[in-house]
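Take a look at the structure below.
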Amino acid sequence: MQKAVDSADAYVIEGKLALPYSYFAGRVGSTFITALRDSKQILGVRCDKCNKVFVPPRQTCERCMADLRENWVQLENTGEVVNFTVVRYSDKHLPRKTPYILAMIKLDGADTPLVHILDEVKIEDIKPGMRVEAVFSEKTTSTILDIDHFKPIA
Amino acid sequence: MSRRVAVCATAQIKNEPDIWYQRFQGMLFDCFESIVSQTGVTFDMEKGIRNVVTCSDDVFDARTISDNGLTDVVGAHFRGEEKTAQDGINGIGYAMASILSGHDDIILLIGHCKESQPESRHMCTNLAFDPFYCRPLGLDFLNASAFQARAYMEKSGITEEHLARVVVRSRQMAAKNPYARKNKMVTEQEVMKSPMLSDPIRELHAYPLTDWAAGMLLCCEERAHEFTDNPVFVTGFGSCMDSYFLGDRDLTDNFALKKAASRAYQMAGVQNPKDAFDMVELNDSYAYQLPMWAEGAGLVEEGEGRRWIENGGMEANHVNTSGGMLNGNPVMLGGLARALEAVHQLRGEAGDRQVEGAKKALAHGTTGPAGQHHAVLILEK
Ligand SMILES: [Zn+2]
């Protein structure tokens with residue numbers, strides 16, 4: 001089904017999809033972001049039946065359907081790197097100038113690793129199991145970026 | 001299964017890096033015309049197509065309800081039209097359900113994606129993440145897969161050398177496929193030296209940006225003879241969605257693929273997937289995924305992906321004779337492309353890459369970051 005290309009008078013229109021938007025964070029998300037923003041506390045939720053602490057928090061355990069919305073657990077602002085990647089391509093959705101490091105960090109007190117930015121470390125020095133701590137943002141964005149990044153514990 | 005579903009025809013345009021000179025409607029119309037001319041199928045409301053399943057993505061098309069811009073060119077006006085916003089292989093499962101339920105005899109399935117249209121496909125896949133916990137970090141399908149690649153390579157012992165073999169072979173196979181994206185041949189050394197995109201994924205480990213459209217006519221077994229002398233039958237389908245948050249998953253356990261495969265195998269009566277298939281198409285967006293999905297689909301024992309590559313398993317299992325997604329298909333259509341290749345093979349129409357006497361094939365598709373959703377399709381001659 002190969003056809004000859006006729007590109008005479010063919011016009012390409014430049015467009016842009018941009019849409020300001022307001023999202024409700026949800027009841028659980030609201031509690032999470034308020035604690036992060038106002039108290040620099042990272043909250044997870046515990047499922048007692050599954051004996052598991054989840055972060056980000058959620059209302060319902062997807063494994064056993066238990067209602068978790070009141071089972072808040074305050075996590076430590078420290079944890080360990082379990083996985084990482086160095087983002088080296090540049091793109092407009094990326095929050096940092098590249099290269100920057102995205103890591104999966106298992107916070108102390110949580111069972112599910114949280115993805116976040118790892119900084120103040122040389123790429124060659126990153127090791128699985130490395131101990132890190134949260135550095136909070138000076139200005140709130142009311143998102144997960146109220147933690148600016150994680151850095152190695154000196 | 002009392003009734004079977006037949007694939008009566010397929011159509012596709014060539015995979016290309018930038019089909020700027022044709023609207024996606026035109027790409028689809030080429031596929032549509034081909035299917036109508038191959039089969040003589042009509043849009044008669046008694047005897048013809050009463051329902052069309054389309055596959056497209058709102059963000060890649062920059063158009064909400066992306067299907068409403070194309071229904072007229074695929075014969076979907078004044079009848080049923082249903083869109084799948086997942087990999088198009090799920091549209092085959094959906095068509096199968098429509099036909100087996102008796103709701104319809106014939107389904108036209110047709111899909112498109114132009115990755116060249118947005119400024120960046122990674123900006124599009126960033127929007128697949130929630131706006132609160134994940135999107136602000138810059139997560140997209142590429143860097144999410146990098147976590148999986150690192151974890152799987154560590155667990156399996158797969159090295160840069162193994163990945164290079166996967167990439168080199170993909171391009172060699174694709175060179176025999178007239179519909180495949182035309183890529184430069186590469187050596188293992190070139191793969192291992194290609195720029196790092198998101199460690200450990202290098203540029204040549206990632207599927208290249210691609211535009212494509214494809215279609216398929218599906219029909220109940222009793223009426224297949226009206227449209228083809230060479231039907232291929234859908235005998236199994238299964239799909240499974242894994243957890244959303246990357247940290248909720250064990251990124252290397254192939255949970256969703258194993259579930260999808262076991263459902264498809266149960267339906268098709270497949271006892272031992274290791275020797276059940278004459279050819280297999282796996283949806284490898286990134287090189288590490290080929291051995292990983294081979295393990296998940298049960299083609300090799302868990303943890304044997306490395307030895308499978310070393311011992312010529314890709315050749316022995318006739319895996320990705322099309323070149324695979326790794327050679328270039330757009331997101332949303334990787335699994336549909338796998339299914340089209342399986343149909344070509346089973347019909348004996350695969351030209352220089354024909355697997356002689358192929359009677360039974362597996363085609364696989366994924367949707368979402370790091371293989372969150374998997375679909376497995378079994379096709380038989
Ligand atoms: Zn639970």
Inset, instruction - Note the buried accessible area between A and B here, summed over both chains, with a 1.4 Å probe, in Å² to the nearest 100. - result: 3700
Inset, instruction - Looking at segment A:26-152, send over the antiparallel percent of its DSSP beta bridges, to the nearest 5. - result: 95
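Where in chain A lies the longest segment free of GluC sites (Glu not before Pro) that are both loop residues by DSSP (not H, G, I, E, B) and have at most 16 other Cβ atoms within 10 Å?
Longest run free of exposed loop sites: A:15-61.
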Inset, instruction - Measure nothing fancy, just the Cα-based angle from helix A:26-39's long axis to the longest principal axis of chain A, in degrees from 0 to 90, nearest 10. - result: 70
Legend entry - Choice from B:Tyr21, B:Tyr94, B:Tyr288 showing the highest fluctuation, given a GNM over chain B with Cα pairs closer than 10 Å: B:Tyr21
Inset, instruction - List, in order, the whole-Hz ³J(HN,Hα) value for each residue of segment B:257-262 obtained from phi through the Karplus relation with A = 6.51, B = -1.76, C = 1.60 and θ = phi - 60°; use x for Gly and Pro. - result: 5, 4, 5, 4, 5, 5
Legend entry - Accessible-area ranking of B:Met196, A:Met65, B:Met325, largest first, probe 1.4 Å: A:Met65, B:Met196, B:Met325
Inset, instruction - Determine the dipole magnitude for the protein assembly as shown: charges of +1 sit on the beta-carbon of Lys and Arg, -1 on that of Asp and Glu, nothing else is charged, the reference point is the Cα centre, and the result goes in debye to the nearest 20. - result: 440
Inset, instruction - Express the accessible area of segment B:1-90 per residue in Å², computed with a 1.4 Å probe while the remaining protein chains stay in the model. - result: 42
Legend entry - Of B:His374, B:Tyr207, A:Ala110, farthest towards positive along the dipole that unit charges on Lys, Arg, Asp, Glu beta carbons give the protein assembly as shown: A:Ala110
Legend entry - A:Glu138-B:Met45 FRET efficiency (beta carbon distance; Förster radius 60 Å; 0.05 resolution): 0.40
Legend entry - When each of B:Lys83/B:Lys176; B:Lys258/B:Lys359; A:Lys49/A:Lys106; A:Lys127/B:Lys274; B:Lys47/B:Lys176 is checked by Cα-Cα distance, pairs over 30 Å: B:Lys83/B:Lys176; A:Lys127/B:Lys274; B:Lys47/B:Lys176
Inset, instruction - Name the residues whose placed amide hydrogens come within less than 5 Å of the amide hydrogen of B:Gly328, ignoring near sequence neighbours (fewer than 5 apart) on the same chain. - result: none
Inset, instruction - Treating cross-link reach as a plain straight distance, find the lysines whose alpha-carbon is under 17 Å from the alpha-carbon of B:Lys193, omitting any fewer than eight places away in the same chain. - result: B:Lys184
Legend entry - Alpha carbon Rg of segment A:26-152, scaled by the compact-globule rule 2.2 N^0.38 Å: 1.09
Legend entry - Charge dipole magnitude, Cβ of K and R +1, D and E -1 - segment A:26-152, Cα centre, debye nearest 20: 300
Inset, instruction - Tell me which residues come under 5 Å, amide H to amide H, from A:Met130 once H is placed; ignore anything under 5 positions away on its chain. - result: A:Val81
Legend entry - Spin-label model distance (nm) - B:Glu226 vs A:Phe24, 7 Å beyond Cα toward Cβ: 4.9
Inset, instruction - Write down the Kirkwood hydrodynamic radius of chain B, to one decimal in angstroms, obtained as one divided by the mean of 1/r over all alpha carbon pairs. - result: 20.5
Legend entry - HN-Hα J in Hz across segment B:282-288 - Karplus 6.51, -1.76, 1.60, θ = phi - 60°, x for Gly and Pro: 10, 8, 9, 5, 10, 4, 4
Inset, instruction - Please report the orientation-averaged projected area of the protein assembly as shown, defined via the convex hull of its C-alpha atoms, in nm². - result: 25.5
Inset, instruction - Sticking with the crude label model, points 7 Å out along Cα→Cβ, report the distance from A:Arg69 to A:Lys16 in nm, one decimal please. - result: 4.0
Inset, instruction - Between B:Met96, B:Met332, B:Met153, find the one with the highest GNM mean-square fluctuation for chain B; connect C-alpha pairs within less than 10 Å. - result: B:Met153
Legend entry - Amide H contacts under 5 Å for B:Gly236, placed H, 5+ residues apart: B:Ile378
Inset, instruction - Keeping all protein chains in position, work out how much accessible area A:Asp119 exposes to a 1.4 Å probe, and write it in Å² to the nearest 10. - result: 60
Inset, instruction - Select from B:Asn329, B:Ala85, A:Ile126 the residue farthest towards the positive end of the dipole of the protein assembly as shown; place +1 on Cβ of Lys and Arg, -1 on Cβ of Asp and Glu, and compute about the Cα centre. - result: A:Ile126
Legend entry - Cβ-based charge dipole, the protein assembly as shown, positive-most Cα from B:Gly348, B:Thr10, A:Pro95: A:Pro95
Legend entry - In Hz, Karplus ³J(HN,Hα) per residue of segment A:47-61 (6.51, -1.76, 1.60; θ = phi - 60°; x = Gly, Pro): 9, 5, 5, 8, 6, 9, 10, 9, 9, x, x, 8, 6, 10, 6
Inset, instruction - Write down the Kirkwood hydrodynamic radius of segment B:208-367, to one decimal in angstroms, obtained as one divided by the mean of 1/r over all alpha carbon pairs. - result: 16.4
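The values are calculated or read from the model by the stated rules, or taken from the named source; none is laboratory data. Everything numeric here is computed off the predicted structure, so don't read it as measured data. Virtual Cβ from ideal backbone geometry, glycine too; neighbours counted across all protein chains shown. Accessible surface is based on the protein model in full, side chains and every heavy atom, while ligands, DNA and RNA are left aside. Shrake-Rupley method; radii C 1.70, N 1.55, O 1.52, S 1.80 Å.
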